[in-house]
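The values are calculated or read from the model by the stated rules, or taken from the named source; none is laboratory data. Small disclaimer: the values here were computed from a predicted structure and weren't measured. All Cβ positions, even for glycine, are placed from backbone atoms using ideal geometry, and neighbour counts span all protein chains on display. With ligands, DNA and RNA removed, areas are computed over all heavy atoms of the protein, side chains included. Shrake-Rupley method; radii C 1.70, N 1.55, O 1.52, S 1.80 Å.
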Amino acid sequence: MTAAPSEPEPTSPSAREPGARPGPERERTAPAGELIADAVDGRMPAYEGGALLRKAFPDHWSFLLGELALYSLILLILTGVWLTFFFKPDMREIAYAGPYLPLRGVRVSEAFDSTLHISFDVRGGLLIRQMHHWAALVFVSAIGLHLLRVFFTGAFRRPREMNWVIGVTLFLLAVVEGFAGYSLPDDLLSGTGLRIAEGVMLSVPVVGTYITMFVFGGQFPGHDLIPRLYGLHILLLPGALIGLLTAHLILVFYLKHTQWRGPGRSNRNVRGRPLFPRFTAASSGLSLMVFGALTVLSAVAQINPVWTYGPYRPDQASTGSQPDWYVGFLEGSLRLVPYWETSIAGHTVSWNVLLPAVVLPGLLFTVLYVYPFAEQFLTGEWDQEHHLCDRPRERPVRTALGVAGITTYGVLLLAGGNDVIATTFGISVNAMTWGLRVGLVLAPVIAFMVTRRLCHALLAAERKRLREGVESGDVRQNIEGGYEEAHHPVKSFRPGAPRRPPRKPVSSPGPHRDARTGEPSPPHREPAPRNR
């Protein structure tokens, strides 16, 4: 548990009226950061009437996940620009004549040859290439964790629904961007993934063949795929990512940041560190830590050694091939669905490919896009603005749904490596596949029920602790001859935890508007200004 802060935190927005200039007394007593901010506000028309450099940001660690994604993206851009100087996006075959002896004389594509050239001939090339790959994994992971933080704390509610939509779109584009970059070296592992992607496209009824011909420029693998993926990877998708990220940050500044409940915190303010200089210094330090950690990781942990896979050949496939984690659930879903085909009007519909690889991800992202609007409609909170975070235990149904979704993803990810797991532990692949099929149906349901029950139990224990105090360990005998333990008042609280017991329990009978989803945040009836 963390104790409440002993000194007041900076609060945003400022109490002074927009456009007001600080007086002499304010200038003598204000911190240096506020004086610089006032000077900038007075000299830049774009900031006049605002307090951008004094904007407060909460300092809880969970709010830094989005920054991890931002700094990973910066490192991706820097290393990606460097790699473009040496990579050749060409599928023309040549005889390899580089320093890696096992492939000497083997016919490879120029894309594969330039990848080996970067890895073995260019000074520092392997380090930069591995930094690029590790940064991509951290980038997608940070976006996913950031979305989970927003989901479990309810930070997607009004007025931040569009920011949630932008965040989900960023995650989707990051996955596509990662797959495109993963496929550029034209090695046997990435080529196997492209072969699977071709099968997914062909499974789309009626138009699947046309989609495949358009993407590959002819019969698989063709000669245009790598150049097309290259343009997509270095131009179109990065531009879309940077544009959406810019819009996301603008909305964060305009709508102000969410924060945990606590003394002096409400829907009308944000308590935390000012943007300049405290938050800027801390964020700069975090960026250096991210860059340093990824550099060390790239130097000591090998990733994607394409020379051990060899060049791609359409008549071969990698044994025990595993994609990057963010598309592993699609691999698992393809392995779990049994053979199932239907012929309709001369067209064959491969349900065992269409359902897990097209319908499932489409349904997943549709639910993610729609959920904020659906929850607010069901709970009757559509017309309220929320700037205080919920603790997951306060929303048992939402939390249980999130845990059920994570459990489903975990089962599919395990299924994506069922052959490797079965070989490693000496079990039957068929037995494991059937076990995962059963788990895909039962595990999310069990996870939902257990999580919801656990949330209610945590709330009940918290109410009891606030009502009776903390056990002191001292047992004394009362006048009736019985024994009782002394309790101390609660003095330390977790972020967002209440300071006193609620007036009535969460699951109280009667027409409670939020009985289906748990206890809502404490209502704040005062209007929340939109201009922050």
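Computed values, structure above
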quantity	calculated
Positive minus negative residues near I226 (Lys, Arg vs Asp, Glu; Cβ under 13 Å)	-4
Neighbourhood charge, 10 Å Cβ-Cβ cut-off, centred on A486 and excluding it, Lys, Arg +1 and Asp, Glu -1	-3
Net charge of Cβ neighbours under 13 Å - reference F139; Lys, Arg +1; Asp, Glu -1	-3
Average projected area [Cα convex hull, segment 160-273], square nanometres	10.4 nm²
Probe 1.4 Å, protein heavy atoms only - accessible area per residue of segment 318-418 in square angstrom	44 Å²
Cα-only radius of gyration and Dmax that characterise segment 338-497, units Å	24.6, 90
Largest-first ordering by accessible area, 1.4 Å probe, given options R129, R398, R123	R123, R129, R398
Accessible area of E375 in the full protein assembly, 1.4 Å probe (Å², nearest 10)	10 Å²
Relative packing of 98-107, 319-328, which averages over residues the other C-beta atoms within 10 Å, highest first	319-328, 98-107
I344 versus D383: modelled label distance in nm, points set 7 Å from Cα along the beta carbon direction	4.4 nm
